[in-house]
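One structure below.
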Amino acid sequence: MLGRASLSAAPEIDGVRSAPQEITRRRAFWRAEWFLFLLFVAPNLLLFGIFSYWPMISNLYLSLVRWDMISPVKTFVGSANYAYLFNDNEFRMVLRNSAVFTVGAVGGSLLLGLATALLLNQKLRWRNGARAVLFAPTLLSGAAIGIVWVYIFDPRFGLLARLLGGIGISSPSWLTDPAWALPAVIIVYVWKNVGFSTVIYLAGLQAIPQDLYEAARVDGAGVLWRFRSVTLPMLSPITFFLVITALLNSFQAFDIIKVMTEGGPVDATNTLIYYVYEQGFVAYNAGRAAAAALVLFAIMFAITLFQLRYAEERVHYA
Amino acid sequence: MTRTVSRRKVLTGAAGVAAAATATVGNVKRSTAFAAPAVIKQAEPISVLYWGSYSAALGEAEQAIVQMFNESQQDVRVEYQFQGTYEETAQKLTAALQARQAPDVSLLSDVWWFRFYLANALAPLNDLIAANEVDTSDYIESLYNEGVRDGVSYWLPMARSTPLFYYNVDAFAEVGLEEAPEFWSQLVEVAPELVQKDGDTITRAAFSHPTGASYIAWLFQAVIWQFEGAYSNPDFTILINEPDGIEAGEFYRSSTADGWATLPADNEADFANGLTASVMASTGSLRGITENVGDKFEFRTAFLPKAEEFGCCTGGAGLAIMAGSPPEKQEAAFKFIEYVTSTEGTTFWSQNTGYMPVRKSAVESEEMQAFFEENPNFRTAVEQLPLTQPQDVARVFIPNGDQIIGAGLERIVINLEDPQVVFDEVANTLTEEAQPVIEAIAALG
């Protein structure tokens, strides 16, 4: 700031100046400017470098070696770790689980979030209380939630079994039946995260100008029509934001799975992030874990690019 | 004693080429020369960092024994840090070794110590054993020998266990079984009567398996022997997919396919709550199960049932000293190990946990005998011990071998997949994963 001010003031005071002098001054200015820039950026860059970029680079290196994290020797194996992953039945299952989990978790929390937001946008009694209750799980620790839900899901004495029993349905073995474990984990994830979508959607709903609805009403649009033509398009930036954050978060959902199922039974809830953990810190295959982590990174990177490139064009910013 | 030490010296000469090996040996030599005077000179006690793995009733006992040691002498002060399960302790130790922040002494389970040994991370203990005049012949031989490689001891037995058959006496009496079944077939016969159902939900199973993460592969080690099979030969030839192994796999498959066994999240909790009439579980679970069952029903422990013959393995954890610790700390850490595995130490530990006493003198002591008299469930493990064997290398020496076999067993028990198909795949994986170990062992000479 100082540099710029003194420079802009300089010509008026000096009147005429020789060209070489001007160049030196200019250089000094840019040097000062760069210095200032670095001063502001360096701490951040340094932290990013140490905690983000450097680990990414060493991860790339680790994905090319065979190493058990204990032995002093890392054996270079080229692309063998990647070859292993793509020939591994378990890894295919893991990719499938990740896809199902992501679609279920993102779809569930967005749809339910929108529905509850619409409901809570009505003038109901206890509305504020309901909002607080709905948002609360978002703030709780995933590990604690997981443990409580393990009891809720128990087919013999769990709360859910009682409720289902009340309407004459016998409870599935949620967490020990491979067919039900992934849905169970998705339910818990959605339960934990729906409050966040609700709150964001609610803010979005309240930001929609009422005159749009009035105009639509004048044109003879019914409730559903108004929802489709006014509410949804006006919410699209919110939806876009939620889809991105929910997608990236759901890919990294670890705590609930670790606590509730440890990826089981028989890998039924083993997702990419859990697989990375399992390969790295249970099986001690640093190479395979690193390769799987890069696959996860590539998927998330591709999703982000795709969203920025295509999805954003369809978003309506008011 | 002198014999083992001299054998080790011969080994030292042979391993002279391996830089790491010589480095650790150098440490130990220095330690015997200098550390002892250092202990005397120092007014401040030497502090030793100990990493342990037990929670609940076992954790209290672990903490108590550390405290007892600290109060018993002035020279060494052990700081106890709980690190989570066996797996988590090993994870953290791995990270700590990388960061050079490792503890001086750590608890390591049967499936973990060997990896740290292969990485030259464990200190050889023979010199320390000799310097402290520890009578190793008093250790129960099979337990002590499991931690010995080429005549050198690296891993001393502390919390050693065998699987036991736990059964609900009340439930078994209902179906006319007055004693534990001697053969699995006897259990299978009455199993349908033991099972209780509410609609399709089994509210009481006849038997329950643990998950892969809770070491189903440890228990199946015993079962595969009962069917005259094995996981592997000592030379890492994998045998799990041989006909005897498949037969054992078929038996496990039938247990859930025929609807008398389950695989719940926590089979020991299920047993303690009457949700299953029997389980196989570690001796180390005895104290916890006894407390959790309380007065709800009567339960007993028994030898494992037989299939074609009797089979039972040892397991559990032992103590090891880190090779990277300074010599005086190694010395101090050994004092702690000596105390924990002493007759008094192991007696205390055993009575408070259910783990087996690791010393013959402790088993035979009046105190222990009186305790057994009062708590017959605790005696079973000691009586069964002479019939047990160390586990096959496929589970304990192949990295992740336990989890690889466990995952296969889950497929068989939960998904009811064909044991032949599953075990063929498991055998392939085990063979592949064994290669680095075979190479590492060869490199150690």
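The values are calculated or read from the model by the stated rules, or taken from the named source; none is laboratory data. Just so you know, these numbers come straight off a predicted model, no measurement behind them. Please note: Cβ atoms are built from the backbone with ideal geometry, for glycine as well, and neighbour counts cover all protein chains shown.
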Exercise. Given A:241, A:281, which one is part of a helix (DSSP H, G or I) and either at pLDDT 90 or above or away from chain B (no Cβ under 14 Å) (or both)?
Worked result: A:241
Exercise. Taking region A:173-184 on its own, how many of its residues are out of contact with any Ser or Thr (no Cβ under 7 Å at 6 or more places or on another chain) and either within 9 Å of chain B (Cβ to nearest Cβ) or among the β-branched types (Val, Ile, Thr) (or both)?
Worked result: 4
Exercise. Within region A:145-198, can you find the residues that are basic (Lys, Arg) and either more than 22 Å from residue A:132 (Cβ to Cβ) or free of Cβ contacts under 8 Å to residues at least 12 places away in the same chain (or both)?
Worked result: A:156, A:162
For this session: Determine if region B:400-411 includes at least one residue that is of a type outside the set (Ser, Thr, Tyr), outside any helix (DSSP H, G or I), within 12 Å of chain A (Cβ to nearest Cβ) and touching a helix residue (DSSP H, G or I) at 6+ places or on another chain (Cβ under 9 Å).
Result: yes
Exercise. Which of (1) under 28 Å from residue B:174 (Cβ atoms); (2) away from every other protein chain (no Cβ under 14 Å); (3) crowded, with 24+ Cβ neighbours inside 10 Å does residue B:194 not meet, given it meets every other one?
Worked result: (3)
Problem set entry | Evaluation of residue A:235 against (1) among the aliphatic types (A, V, I, L, M); (2) in a helix (DSSP H, G or I); (3) within 19 Å of the chain's Cα centre (by Cα) (one fails), failing number | (3)
For this session: Considering (1) under 22 Å from the mean Cα position of the chain (by Cα); (2) facing chain A (nearest Cβ under 10 Å); (3) of a type outside the set (A, V, I, L, M, F, W, C), say which one residue B:383 fails and leave the rest.
Result: (2)
Problem set entry | Some residue of region B:75-93 being outside any strand (DSSP E or B) and more than 14 Å from chain A (Cβ to nearest Cβ) | yes
Exercise. Within the bounds of region B:421-428, is there any residue that is within 14 Å of another protein chain (Cβ to nearest Cβ), modelled with pLDDT of 90 or more, over 23 Å from residue B:209 (Cα atoms) and not in a loop (DSSP other than H, G, I, E, B)?
Worked result: yes
For this session: Provide a single number: the residues in region B:429-445 that are surrounded by fewer than 24 Cβ atoms within 10 Å (Cβ to Cβ) and modelled with pLDDT of 95 or more.
Result: 1
Exercise. Got a sec? Which of B:217, B:269 is buried (at least 24 other Cβ atoms within 10 Å of the Cβ), part of a helix (DSSP H, G or I), within 14 Å of another protein chain (Cβ to nearest Cβ) and of a type outside the set (Ser, Thr, Tyr)?
Worked result: B:217
Problem set entry | Tabulated pairs, region B:236-254, first assigned by TED's automatic domain parsing to the domain that holds residue B:440, second in a helix (DSSP H, G or I) and of a type in the set (D, E, K, R), C-beta under 8 angstrom, 6+ apart or interchain | B:241/B:424
Exercise. Is it true that some residue in region B:232-242 is of a type in the set (A, V, I, L, M), part of a loop (DSSP other than H, G, I, E, B) and modelled with pLDDT of 95 or more?
Worked result: yes
For this session: Under 7 Å between Cβ atoms, at least 6 apart or on separate chains: pull out the pairs that start in region A:252-264 with a residue that is of a type in the set (D, E, K, R) and end on any residue that is part of a loop (DSSP other than H, G, I, E, B) and modelled with pLDDT under 90.
Result: A:262/B:213
For this session: Considering only region A:35-122, give the helices (runs of 4 or more DSSP H) lying wholly within it that have at least 2 residues that are farther than 18 Å from residue A:294 by Cβ.
Result: A:89-120
For this session: For residue B:229, state whether it is closer than 25 Å to residue B:434 by Cα and within 11 Å of chain A (Cβ to nearest Cβ).
Result: no
Exercise. Would you pick out the residues in region B:97-111 that are within 11 Å of chain A (Cβ to nearest Cβ) and free of Cβ contacts under 8 Å to residues at least 40 places away in the same chain?
Worked result: B:98
Problem set entry | Test set (1) small (Gly, Ala, Ser); (2) within 14 Å of chain A (Cβ to nearest Cβ); (3) in contact (Cβ under 8 Å) with a residue 40 or more places away in the chain - residue B:119 fails condition number | (3)
Exercise. Within region A:22-56, how many residues are under 27 Å from residue A:287 (Cβ atoms), without any contact (Cβ under 8 Å) to a residue 12 or more places away in the chain and among the aliphatic types (A, V, I, L, M)?
Worked result: 1
Problem set entry | Among the candidates B:203, B:136, residue that is closer than 29 Å to residue B:342 by Cα and either in contact with a Phe, Trp or Tyr (Cβ under 6 Å, 6 or more places away or on another chain) or at pLDDT below 95 (or both) | B:136
